[in-house]
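Quick notes on the structure that follows.
The values are calculated or read from the model by the stated rules, or taken from the named source; none is laboratory data. Everything numeric here is computed off the predicted structure, so don't read it as measured data. Here the Cβ positions follow ideal geometry from the backbone for every residue, glycine too, while neighbour counts run over all protein chains shown. With ligands, DNA and RNA removed, areas are computed over all heavy atoms of the protein, side chains included. Shrake-Rupley method; radii C 1.70, N 1.55, O 1.52, S 1.80 Å.
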Amino acid sequence: MRIEIISKNYKESERLLNVLEKKLAKLDKYFSDEADANVKLSITNGEKFTMEVTIRGAGKTIRSETTSDNMYDNIDILLPKLERQIAKNRNRYEKGKRGGYIDAPVADEPEVGQYGKVVKVKRFDISITTVDDAIAEMELLDHTFHIFVNADTNKVSVVYKRDDGDYGLITPEY
């Protein structure tokens, strides 16, 4: 697995990089050598340390993020969380039947509207899938919603996590 580390307002130490690479290497068994791991390190409000790990490989994407008092705690929190997500959805990794998710900011100028301005724009590949697979993908990405084309209706739909722990499905009528 190739590892790319990006720091924002944070200067990583050689020791931290070694520990991070060693811990991420434990996830190699779930991904091919072609997989990419992107690690973002940052300091929020000058006192909290945030780590975000996104792994893309074999058409699958898994992501998790945490904030704590130091980066080493973040490693200890994130890696078991990622392993649980992979184990929970192991059969989806073995089948390799779904497309990947692209989460990239766009260079376009944000629009200013009546209610404020758009400060970030994301573009992603949308795939045709079932509701169950869309929920699994949402959980793997550690998001609260997921946009997809419903294989049953052939319409763009959204699944979302409700406060009660269940899921909701939004399907447009047009």
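Tabulated results
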{"quantity": "Positions within segment 36-80 being out of contact with any helix residue (DSSP H, G or I) (no Cβ under 8 Å at 6 or more places or on another chain), of a type in the set (A, V, I, L, M, F, W, C) and buried (at least 19 other Cβ atoms within 10 Å of the Cβ), in sequence order", "calculated": "78"}
{"quantity": "So residue 32, is it open to solvent by 10 Å² or more (accessible area, probe 1.4 Å) and modelled with pLDDT of 90 or more", "calculated": "no"}
{"quantity": "Selection within segment 18-29 - open to solvent by 30 Å² or more (accessible area, probe 1.4 Å) and at pLDDT 85 or above", "calculated": "18, 19, 21, 22, 23, 25, 26"}
